[in-house]
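**Q** Below are the structure tokens for one structure; questions will follow.
The values are calculated or read from the model by the stated rules, or taken from the named source; none is laboratory data. Everything quoted here is computed from the prediction, not taken from an experiment. Cβ coordinates were reconstructed from backbone atoms using ideal geometry, including for glycine residues, and neighbour counts include every protein chain displayed.
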Amino acid sequence: MKMSKLFVQTLREFPSDAEVVSHKMLARAGYIRKLTSGVYNYLPLMWRVLKKIENIVREEMDKAGAQELLMPFVQPKELWIESGRWEAYGKELMRLKDRHNREMCLGPTHEEIITSIARDVLKSYKQLPTNLYQIQSKFRDEVRPRFGLLRGREFIMKDAYSFGTSQEELDKEYQNMWEAYTKIFKRCGLETKAVQSDSGAIGGNVSHEFMVITTTDAGENDVFYCDDCDYAANSNHAISNLLPAITDGKEYFKETKVVDTPNTHTIEELSKFLNIPSTLILKALVYIIDKKPVIALIRADKTVEETKLLNTIGGLEIRIATSGEIEEIMKENGFDAIPGFIGPKGMKNIEIIADNTVKDMKNFVVGINQNDVHLVGANIEDLGIEKLQYTDLRLVEAGELCPQCGKPLKVTRGIEVGNIFQLGTKYSKPMNAVYLDADGKAKPYIMGCYGIGISRTAAAAVEAHHDEWGIKWPLAIAPYHVIIVPVSTKDETQMKVATKIYEDLLANGVEAVLDDRDERPGVKFKDADLIGFPYRITVGKTITEGNVEFVTRQTGEKVAIKPEEATSKVIEAVKAIK
Ligand code: ATP
Ligand code: MG
């Protein structure tokens, strides 16, 4: 490819709506163009990267025994009714009607469709286990599309689904996919950590996410991990052992009574006013889950993890109640307390869920829905809660102890590039997707599903590999392997050598670009760094001494070598990734 012909326009500035490095650089280097919120054009450079990632995924999935197919992007409502997800999926599901008023949706994922295919074809245990996958665009009307390709509304995904006859078969396929994923991300030049996770809207029991670890904002997940053992979990799923805390307030409160606590609206203000540690305060938080209020109780030095609470209720959407809503709820219960003085006592017709930390609390302090007072020396029985459910709602903090080995946990951020789920019979049962077992009985498939964000993986690679000048693509997923830059296109010798290198490389299967533009060398080098060619061969004045400059983008290393050496270095490197 000649640079003068390459379909690319590099920009001087980063786009103003880009918050993270991958979005900034992919836009500025001419890889993507936004069409509308969360929807991007993948321009030729981007498409080359995406196809390379797809091919790596394809090769490893095929090697792992999975078979590729392609399902339609538009799906009929009926199958979603069968699975129960037409109601359950929420606003992320983009729904539409055709000219006959038939309801459809744009595929956010394909469990329903693949299960309907399986039940038509996989009728005998002899055909199982089977794993089917596709690589395709998905659409999700994300609440907050952001970060460019990292969280788009339309994005490319590889989704695979396995069908088996037993948990053992599922365990085996899960492990098989785990190994395939490890190879895929390694080949893409990405280091990933497999972490335990919540199963979310897709459902199921066991699941792991493959995270690219980063310290930047682009990592939307907090990952808790242990250096001493293999424990690693997404914050929405992580658990820990707590260090001992003061939970018995006997020495602070000899009796149970109501005390004045004027203007103590926050936990800090209350603990300061009463001169007590916050571990002695029972915090009550009001959430709205799918339009219904729920009170969560937790020891006040700890934080509620919203996904855990949402899953306890089995809800879809969660948010903290506004002060207006709290006022309303108070009124319904015959109180007029404002946030800071709220508690479970006397609250009717509202679900109350307590975190496990509450179990150990004695003689604590709690709001009783009266302004400017708290009940001190209280115990849970004093609150007269009708139906109290204890569960784990707590957000883990770094330094708490590993649930496996007891050493302090650490925290980092991660970008989820793929995940694997054990679905069990979540779809096969409601959709009556069964096979005949050896004993002639109809049984539902035991299923698994396995996703990889192709476009997100490309963006994650930029997050992991860049510097202030631009992208440093890993060779295996770079749009082109090398750029050859003659410093002066008017210099005949330089052009001759550059063209020879270019042609030799092409003849050896290397994807090369010749920068034939009549531009200043500074401009060409800047573009080369921004676009992120893994290698640059510069043909300049030193060619009179028989040397070219060979630059490795990842390391920044520059060496003066003979043109033939430069050529064979690139050919060797490219061979190594094939
Ligand atoms: P997230 O928690 O980040 O929303 P998810 O749990 O919804 O991800 P899945 O439904 O399992 O993800 O989708 C499989 C893969 O598709 C994810 O691991 C991720 O790499 C990718 N993916 C999911 N949502 C998006 C999106 N909005 N934009 C780009 N890639 C996405
Ligand atoms: Mg999601």
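**Q** Restricting to the range 553-578, name every residue that is more than 15 Å from Ile501 (Cα to Cα), out of contact with any Gly (no Cβ under 8 Å at 6 or more places or on another chain) and either surrounded by 22 or more Cβ atoms within 10 Å (Cβ to Cβ) or of a type in the set (D, E, K, R) (or both).
**A** If the condition is that a residue be more than 15 Å from Ile501 (Cα to Cα), out of contact with any Gly (no Cβ under 8 Å at 6 or more places or on another chain) and either surrounded by 22 or more Cβ atoms within 10 Å (Cβ to Cβ) or of a type in the set (D, E, K, R) (or both), then Glu557, Lys558, Lys575, Lys578 are the ones that fit.
**Q** Please enumerate the residues belonging to the range 78-96 that are surrounded by 17 or more Cβ atoms within 10 Å (Cβ to Cβ) and more than 16 Å from ligand 1 (Cβ to nearest atom).
**A** Listed by number, the residues that qualify are Leu79, Glu82, Trp86.
**Q** Quick one: in the range 105-143, which of the residues that are assigned to a strand (DSSP E or B) and within 16 Å of ligand 2 (Cβ to nearest atom) is farthest from the chain's Cα centre (by Cα)?
**A** Our first condition is that a residue be assigned to a strand (DSSP E or B); within the range 105-143, this holds for 105-106, 124, 130-139.
Restricting the remaining residues to those that are within 16 Å of ligand 2 (Cβ to nearest atom) gives 105-106, 137-139.
On the way: Cys105: 23, Leu106: 21, Ser137: 17, Lys138: 15, Phe139: 16 Å.
Ranking the candidates gives Cys105 first.
**Q** Hey, another quick one. Residues to consider are Phe155, Phe163; find the one that is closer than 23 Å to Trp473 by Cα, in a strand (DSSP E or B), modelled with pLDDT of 95 or more and not β-branched (Val, Ile, Thr).
**A** Details: Phe163 fails: closer than 23 Å to Trp473 by Cα.
Every option except Phe155 fails the conditions.
**Q** So Gln494 clears everything in (1) surrounded by fewer than 24 Cβ atoms within 10 Å (Cβ to Cβ); (2) under 23 Å from Thr555 (Cα atoms); (3) in contact with a Pro (Cβ under 6 Å, 6 or more places away or on another chain) except one condition, right? Which one?
**A** (2)
**Q** In the range 276-290, is there at least one residue being without any contact (Cβ under 8 Å) to a residue 12 or more places away in the chain and either in the same structural domain as Met347 (by TED's automatic domain parsing) or basic (Lys, Arg) (or both)?
**A** Filtering the range 276-290 down to residues without any contact (Cβ under 8 Å) to a residue 12 or more places away in the chain leaves none.
The answer is no; no qualifying residue exists.
**Q** Does the range 191-201 include one or more residues that are part of a helix (DSSP H, G or I), modelled with pLDDT under 95, within 12 Å of ligand 1 (Cβ to nearest atom) and touching a Phe, Trp or Tyr at 6+ places or on another chain (Cβ under 7 Å)?
**A** Of the residues in the range 191-201, the ones part of a helix (DSSP H, G or I) are 200-201.
Within this subset, residues satisfying the condition of being modelled with pLDDT under 95 are 200-201.
In the following step, the residues that additionally are within 12 Å of ligand 1 (Cβ to nearest atom) were identified as 200-201.
So of that shortlist, the ones also touching a Phe, Trp or Tyr at 6+ places or on another chain (Cβ under 7 Å) come out as 201.
Yes, some residue in the range 191-201 is part of a helix (DSSP H, G or I), modelled with pLDDT under 95, within 12 Å of ligand 1 (Cβ to nearest atom) and touching a Phe, Trp or Tyr at 6+ places or on another chain (Cβ under 7 Å).
**Q** Right, another one. Which number in (1) in contact (Cβ under 8 Å) with a residue 60 or more places away in the chain; (2) farther than 20 Å from Gln196 by Cβ marks the one condition that Leu409 misses?
**A** (2)
**Q** Regarding Ile543, is this residue touching a Phe, Trp or Tyr at 6+ places or on another chain (Cβ under 8 Å) and within 18 Å of Ser488 (Cβ to Cβ)? If you could, list the steps in order and put the result at the bottom.
**A** Working: touching a Phe, Trp or Tyr at 6+ places or on another chain (Cβ under 8 Å): no; within 18 Å of Ser488 (Cβ to Cβ): yes.
Criteria not met by Ile543.
**Q** Can you tell me which residue in the range 313-340 is surrounded by the fewest Cβ atoms within 10 Å (Cβ to Cβ), limited to those that are under 24 Å from Ala378 (Cβ atoms) and in contact (Cβ under 8 Å) with a residue 60 or more places away in the chain?
**A** The qualifying residue surrounded by the fewest Cβ atoms within 10 Å (Cβ to Cβ) is Ile338.
**Q** Now, a different point. Of Asp301, Asp260, which residue is in contact with a helix residue (DSSP H, G or I) (Cβ under 7 Å, 6 or more places away or on another chain), acidic (Asp, Glu) and modelled with pLDDT of 95 or more?
**A** Working: Asp260 fails: in contact with a helix residue (DSSP H, G or I) (Cβ under 7 Å, 6 or more places away or on another chain).
Criteria check complete, one pass: Asp301.
**Q** From the list Val462, Val485, Val497, pick out the single residue that is outside any helix (DSSP H, G or I), in contact with a strand residue (DSSP E or B) (Cβ under 8 Å, 6 or more places away or on another chain) and on the phi < 0 side of the Ramachandran plot. Steps first, please.
**A** Values: Val462 fails: outside any helix (DSSP H, G or I); Val497 fails: outside any helix (DSSP H, G or I).
Only one candidate qualifies: Val485.
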